[in-house]
Amino acid sequence: MSFSASTLISRPVLACSSAEQAEAMNRSFEQYLVPMRFDEASFQRRFRGENLDAEASRLWYCGEELVGVVYIARRGWTSRVAAMGVVLEARGLGLGKPMLQTAIDEARRCGDRTLMLEVFVNNERAIRLYERLGFRITRRLQGFQQPAERPTTPADSLTKTDPLTVARTVTRGAVDALPWMMAGETLAATTEPFVEAWRLENNAFALVRPDAERVMLLSLIVPKASRRQGWGTRMVRALEAKYAGRSLTVHSLLPESGGPQLLRRCGWEPSALELYEMECVL
């Protein structure tokens, strides 16, 4: 089967099984910069909090052959490309452009005002495509990691809390608009045992996703009344002590204001991969 834009067809995710969706994601992101591998359960957990629109999201084919995926999340008047990928054998053939253009056209028809996405800074080919379709860079997003050889120091004792409490605190306390994946609306869908939520008294809150070797810090928030009193640093130190022996990391989703300054002061190191957030005004 040859791949051609003239033979592209799509199916809404609404018409596909969970197994088909997960397998399409796996194939479309094979050899991606950041490895992705989903089963049905992990796929549903990943996209549940992102407000995935099963009607706007599509699996793309040429005949019976999978070409790729475009998953669309929606909140209010804003849509987001939650995932866009093309299978290995169809890359470099210009098929991404009509796939994304369809998403743009459908977002306009739905009355959305903005379509947004994130892209790795070094993915120049994708950035050029997005710019040709009307996207513009709005900000740079960073990731961080705890130094590999950091001695554990005595720290405050953490108290377990409801993940929903952290999400609500993030929503109330955000100074600027947060990236989609760090917003309170996304965090509100996280649940145990896949995440753990912690607090220091009621002065700092954190949400983490632990696994055997590393711990992903999803959110750290200090309520407005407790800021500039050292609670952010104390929470970082408490997390380092709690998860001693495992690497602590933050995805490349932090805006340049706020979080990076705290983590740098705590000695954390920027990760190699950075993202651009991009928007298309519809």
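The values are calculated or read from the model by the stated rules, or taken from the named source; none is laboratory data. Because the structure is a prediction, the values reported are computed rather than measured. Here Cβ is always computed from backbone atoms with ideal geometry, including for glycine, and neighbour counts include all displayed protein chains. What goes into the accessible areas is simple: the full protein's heavy atoms, side chains included, and nothing from ligands, DNA or RNA. Shrake-Rupley method; radii C 1.70, N 1.55, O 1.52, S 1.80 Å.
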Practice prompt. Could you list, in sequence order, all residues of segment 92-118 that are small (G, A, S) and exposed (fewer than 15 other Cβ atoms within 10 Å of the Cβ)?
Written response: G92, G94, G111
Worksheet item: Residues of segment 41-63 being among the hydrophobic types (A, V, I, L, M, F, W, C) and assigned to a loop (DSSP other than H, G, I, E, B), which ones?
Response: A54, A56
Worksheet item: Looking at segment 1-41, which of the residues that are in contact (Cβ under 8 Å) with a residue 12 or more places away in the chain and of a type in the set (S, T, Y) is nearest to L95 (Cα to Cα)?
Response: S4
Discussion item. Any residue that is open to solvent by less than 70 Å² (accessible area, probe 1.4 Å), in contact (Cβ under 8 Å) with a residue 40 or more places away in the chain, assigned to a strand (DSSP E or B) and within 25 Å of A5 (Cβ to Cβ) - is there at least one of those in segment 119-141?
Written reply: yes
Discussion item. Tell me which helices (runs of 4 or more DSSP H) are completely within segment 180-274 and hold 3 or more residues being open to solvent by 70 Å² or more (accessible area, probe 1.4 Å), or say none if there are none.
Written reply: 259-265
Worksheet, complete the sentence: Scanning segment 64-77 for residues that are without any contact (Cβ under 8 Å) to a residue 40 or more places away in the chain and either open to solvent by 40 Å² or more (accessible area, probe 1.4 Å) or touching a Phe, Trp or Tyr at 6+ places or on another chain (Cβ under 6 Å) (or both) gives R74, G76, W77
Fill in: Failed item in (1) touching a helix residue (DSSP H, G or I) at 6+ places or on another chain (Cβ under 6 Å); (2) more than 28 Å from E185 (Cα to Cα); (3) in a helix (DSSP H, G or I), with E30 passing the rest
(3)
Worksheet entry | Selection count where residues are in contact with a Gly (Cβ under 9 Å, 6 or more places away or on another chain) and charged (D, E, K, R), scope segment 111-154 | 4
Worksheet entry | Residue among L59, L52 that is within 24 Å of S79 (Cα to Cα) and either of a type in the set (K, R) or open to solvent by 30 Å² or more (accessible area, probe 1.4 Å) (or both) | L52
Worksheet item: Across segment 111-123, what is the total count of residues that are at pLDDT 95 or above and over 17 Å from the mean Cα position of the chain (by Cα)?
Response: 4
Practice prompt. Could you tell me whether any residue of segment 26-37 is at positive phi, modelled with pLDDT of 90 or more and buried (at least 19 other Cβ atoms within 10 Å of the Cβ)?
Written response: no
Discussion item. Can you tell me which condition D162 does not meet? The list is (1) over 19 Å from R75 (Cβ atoms); (2) among the acidic types (D, E); (3) modelled with pLDDT under 95, and all the others hold.
Written reply: (3)
Worksheet item: Do any residues in segment 163-175 that are open to solvent by 60 Å² or more (accessible area, probe 1.4 Å) have Cβ atoms under 8 Å from those of residues that are hydroxyl-bearing (S, T, Y), where the two are at least six apart or on different chains, and which pairs are they?
Response: V175/S257
